[in-house]
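Bear in mind that the values in this text are calculations on the coordinates, not laboratory data. Quick caveat, the model's predicted, so the values are computed rather than measured. Don't worry about glycine lacking a Cβ; one is built from the backbone with ideal geometry, like all the others, and counts go over all protein chains shown.
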Amino acid sequence: MMIRSVFSLKTLGAPGERLEEEIGSEILKAEAELLSAIVAFFSKLRIRSSDVGIKISNRKVPQEVVGRSVIPESSFAAVCVIVDKIEKIPRAGVEKELTALGLPWKLWIQFYGLSQLLGSDNEAVVELKQLFELAPGYGFEDWLQFDASVVRGLAYYTGTVFEAFDRAGTLRAICGGGRYDKLLSTFGRVDTPACGFGFGDAVIVEFGQLLLQLCTIVLRY
């Protein structure tokens, strides 16, 4: 496992250092740092929050809903794979697959009333609320939006999940990631908290080309 140094972007007031090492962090500030890095990258490319947004959810949300339904816990990973298709295949197809597992679409869309559905003291609700409360301090509040359909198709995610998307709806996810606290135990006996993200370089290039085309059209007009 490779551990790299992390440099903070915060403005220094009292004596301090920009170099920080965060290893095995369970706190949500780790996710906030990742989201801040993503937004900093976009900003360097002069990509604005009006061009790109970041959908955010928590893997514990579908886990709670599945736990309250008649679906066996063993089907949780399958449910996440289906929900991950929401913006990739027609809604009727997703509804059909969820219904086949015994999870009504009507129940799924109730995620948008999340605190009413799960309760304001629910762990997933609390974590999402805390992350949104951290956003202004890191300067990415304009980029975030809650979307319960974001679950990420991979089974190793355990908490926060997010995807950056093209607001025009032309491209697939630009980047995505989240928390995976149990993944490292695959290579050892101890669970080590971790989170991260990955970019699709081809999507970034394609998105940049689309923005250039838009600028050209505006200038010509």
task: Calculate I(q)/I(0) for the stretch 113-210 by the Debye formula, one identical point scatterer on each C-alpha and no solvent, and give its log10 at q = 0.10, 0.11, 0.15 Å⁻¹ to two decimals.
output: -0.35, -0.43, -0.77
message: Exceeding 27 Å between C-alpha atoms, which entries from my cross-link table qualify? They are Lys29/Lys88; Lys29/Lys96; Lys55/Lys96; Lys60/Lys88.
response: Lys29/Lys88; Lys29/Lys96
message: At a 10 angstrom cut-off on C-beta neighbours, averaged per residue, how do the peptides 131-144, 25-38 rank from highest to lowest?
response: 25-38, 131-144
query: Label points 7 Å out from Cα along the Cβ direction at Glu133 and Asp121: separation in nm?
result: 1.6 nm
